[in-house]
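For reference, the structure discussed in these notes is given below.
The values are calculated or read from the model by the stated rules, or taken from the named source; none is laboratory data. Computed from a predicted model, the values in this text were never measured in an experiment. Virtual Cβ from ideal backbone geometry, glycine too; neighbours counted across all protein chains shown.
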Amino acid sequence: MVNFFPLQKCQNPASEWFFVFLDSPFPRFPSSRSRIPRAMASSLPPSHPAIFTSLSTKPRRRSHKIHLTFLPNKLPSLFILRSSESEAGGTISSAVEEKKAEVSSSIPGLVAEVKAETMEKPVVSLGLNGAAADSQTVDQVFKDPRWVSGTWDLMQFQKGGKSDWDGVIDAEARRRKWLEDNPEASSEDTPVNFETSIIPWWAWVKRYHLPEAELLNGRAAMIGFFMAYFVDSLTGLGLVDQMGNFYCKTLLFISVAGVLLIRKNEDIENLKKLFEETTFYDRQWQATWRDDGSSEIKNK
Amino acid sequence: MAALSSAAVAGQNSDFAGLRLASTASVGRNVARRRSLQMVDEFDLPLEIIDRRVTKMKMISPSNVAVDIGRTLKPHEYIGMVRREVLDAYLRDRATHAGATVINGLFLKMDSPPAGSGERYKIYYNEYSSSKSGTGEKKEMEVDAVVGADGANSRVAKEIGAGDYEYAIAFQERVKIPDAKMEYYKDRAEMYVGDDVSPDFYGWVFPKCDHVAVGTGTVTHKSDIKRFQAATRLRARDKIAGGKIIRVEAHPIPEHPRPRRVLNRVALVGDAAGYVTKCSGEGIYFAAKSGRMCAEAIVEGSAQGTRMIDEADLRNYLKKFDKTYWPTYKVLDVLQKVFYRSNSAREAFVEMCGDDYVQKMTFDSYLYKRVVPGNPLDDLKLAINTVGSLVRAGALKREMTRLAS
């Protein structure tokens, strides 16, 4: 299970780790803006020393400064990560720049990244000596006892002798959510080879299709019953006679389509947008033909 | 560049004075381009300009599920990587040999004659000859027809009021990585998908001659491009560790053709016209092909250079191009709409790409520029698998939303 500790409470009595936040020695850039994955908590099992990331946000939304520091036993070391970006978006002419971007320092598992477009000096990265064996990755990696070598260990998902597929689905959803919030580097050594197709189709059906099907069929039944009664009271046609009538069949078709397509209120808008979308690209391509007013509108 | 060169070569067998205004001072799309086999064959490109042959590709999903693509490639099939500088120079030289006059200059503006008058166009340009330095000298020239192949920020397009298109910004850093890491990328390209890398495009690591190009792009969130680039670097972190950025480049990529591509005797080709596919962002082949088609239309319409062409002849080129490549563009548009919508759709996409049939169809259409209908039974299986993947990914997405709330 993934445990979430609030930042302050995490302390590991086994080692004398403590952390200090220092301001950057570099000049500030007014338009500096950076964003790291929203890693708000550490999820390491208690046997590892804890590493923390703090995100200090200024009132101005666009300027963030990130400090990453950690100190090993007795040897104060400082590591500061800063990434600054210029405000210029849009088209940038190609710039030939000689940059020293240290994509990784010599510390195993520790990565320093600097994009020094406006800075002259590269980032300061003092070596971590001594604690190399204990050094942790700066960003938290997804960890779960059941996630073994890039896939879910189905042996650990047994419930009463059978595989708990619901548990696998939950675990995978949790993993994806974690990675969405904290993107990780993909690695050749620990590749992810989990495929959702190993979960049998009936597990998906039971969990997702059946409840929805029940809902929709319930709606259809309610509509059907009352419409049949209503039409019968108006026209005197019983159910069997209604089915022989063209208008009634059309009405039935519209009701079924409506129940299937419009499940939530937002769906009406979504369907309209979807229709727009499907023909938008075609219209963009045909724009040049509409220009000369010729009747040669290509029907593609 | 590629478009105009092909155009020049196409006109070589007839009485044509092909003048080429090649501005080496302008900002070009100097990124590594993937070359398909079709292009190599069709345009007789020498194999020397291909830096690298990529036969393996890795697609990496938002949750780092990696799928290897390329199992179905035959031994003679590959994706060629070239540098634009090299390719463009080759095409220019070939055009010169074919009889075109290449002028190193920058197109400034153009005087159009009244429609239907048959008078010539007057082009104003800056010529950069080697003797003079700096801004170059202003010159003018009179021509019968103009083919605008000046890229995404085309001035010719502006002159004819071609209108605007939506564009993506593609940002790329060339990174020199240690040889040991370069070994991994020897014949492998990587594609990263995910909201962190790009909300509507993908991030990539493409190998080049002796370095890799790491980049990403976006249409809707252009101001966040640096963040996306940082995320791409993070995803590839372990594989490009110890790398040094040697160059940074960015370029707009059109998303759809301009509203007007032809006006009287001016036609647009390539990026200037907006012939870039969705989903993969491929434009180089279509640039060259549209250039060739346009030139062929001009040659035909003018009866080998004996009479003046008119707009109808240029529209023939448009008709031919649209008819031939519309299915390709449409299919890629649908793919993009379906599979680049959200992280869950991208997960499904990567899952689908693991399937051999999908790989075969994808490569066949990419390498040979044909949308080939395959075996109907396999197509049906593919459809079912696609729906299955999308449904599963969607179901997981629902779980994720439930977790978040």
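Descriptive notes on the structure:
- In the stretch B:219-233, the qualifying residues are those that are crowded, with 24+ Cβ neighbours inside 10 Å and not basic (Lys, Arg), and the one that is nearest to the other protein chains (Cβ to nearest Cβ) is B:ILE225.
- Total residues in the stretch B:136-169, condition within 22 Å of B:ILE225 (Cβ to Cβ), touching an Asp or Glu at 6+ places or on another chain (Cβ under 6 Å) and among the charged types (D, E, K, R): 1
- All positions within the stretch B:325-352 that are among the hydroxyl-bearing types (Ser, Thr, Tyr) and more than 17 Å from the chain's Cα centre (by Cα): B:TYR340, B:SER342, B:SER344
- First in the stretch A:169-183 and more than 7 Å from chain B (Cβ to nearest Cβ), second anywhere and among the hydrophobic types (A, V, I, L, M, F, W, C), Cβ under 8 Å, 6 or more apart: A:ALA171/A:TRP147; A:ALA171/A:TRP152; A:ALA171/A:PHE157; A:TRP178/A:VAL2; A:TRP178/A:PHE142; A:ASP181/A:ALA39; A:ASN182/A:ALA39; A:ASN182/A:PHE142
- Residues in the stretch A:187-203 that are assigned to a helix (DSSP H, G or I) and either loosely packed, with under 12 Cβ neighbours inside 10 Å or more than 8 Å from chain B (Cβ to nearest Cβ) (or both): A:ILE198, A:TRP202, A:ALA203.
- Of the helices (runs of 4 or more DSSP H) lying entirely inside the stretch B:288-405, the ones with 2 or more residues being out of contact with any Gly (no Cβ under 9 Å at 6 or more places or on another chain), aliphatic (A, V, I, L, M) and more than 14 Å from chain A (Cβ to nearest Cβ) are found at B:376-404.
- In the set (1) in contact with a helix residue (DSSP H, G or I) (Cβ under 8 Å, 6 or more places away or on another chain); (2) more than 12 Å from chain A (Cβ to nearest Cβ); (3) assigned to a strand (DSSP E or B), B:ASP210 fails one condition alone, (3).
- Check on B:LYS226, in contact with a Gly (Cβ under 9 Å, 6 or more places away or on another chain), under 27 Å from B:TYR78 (Cα atoms) and at pLDDT 90 or above: no
- Some residue of the stretch A:218-232 being part of a helix (DSSP H, G or I), modelled with pLDDT of 90 or more and loosely packed, with under 10 Cβ neighbours inside 10 Å: no
- Hits in the stretch B:237-278 (condition: part of a loop (DSSP other than H, G, I, E, B), at pLDDT 90 or above, more than 7 Å from every other protein chain (Cβ to nearest Cβ) and surrounded by 24 or more Cβ atoms within 10 Å (Cβ to Cβ)): B:VAL269, B:ALA273, B:GLY274, B:TYR275, B:VAL276
This table checks each residue for (1) modelled with pLDDT under 85; (2) among the small types (Gly, Ala, Ser); (3) surrounded by fewer than 20 Cβ atoms within 10 Å (Cβ to Cβ).
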{"position": "B:LYS139", "(1), (2), (3)": "no, no, yes"}
{"position": "B:VAL146", "(1), (2), (3)": "no, no, no"}
{"position": "B:ALA152", "(1), (2), (3)": "no, yes, no"}
{"position": "B:ALA157", "(1), (2), (3)": "no, yes, no"}
{"position": "B:ALA170", "(1), (2), (3)": "no, yes, no"}
{"position": "B:MET182", "(1), (2), (3)": "no, no, yes"}
{"position": "B:ASP196", "(1), (2), (3)": "no, no, no"}
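- Extreme residue, surrounded by the fewest Cβ atoms within 10 Å (Cβ to Cβ), among residues of the stretch B:118-131 that are modelled with pLDDT of 85 or more and not charged (D, E, K, R): B:TYR124
- Residue within the stretch A:244-253 that is within 30 Å of A:MET227 (Cα to Cα) and aliphatic (A, V, I, L, M) present: yes
- Here is the figure for the stretch A:177-231: residues that are in contact with a strand residue (DSSP E or B) (Cβ under 7 Å, 6 or more places away or on another chain) and among the hydroxyl-bearing types (Ser, Thr, Tyr) total 1.
- Residues that are within 14 Å of chain B (Cβ to nearest Cβ), touching a residue at least 24 places away in the same chain (Cβ under 8 Å) and of a type in the set (Lys, Arg) do occur in the stretch A:261-270, at least one of them.
- Residue that is surrounded by the fewest Cβ atoms within 10 Å (Cβ to Cβ) [pool: residues in the stretch B:337-362 that are of a type in the set (S, T, N, Q) and either closer than 17 Å to B:ASP196 by Cα or assigned by TED's automatic domain parsing to the domain that holds B:TYR275 (or both)]: B:SER342
- B:TYR184 vs. criteria facing chain A (nearest Cβ under 10 Å) and over 26 Å from B:ILE225 (Cα atoms): yes
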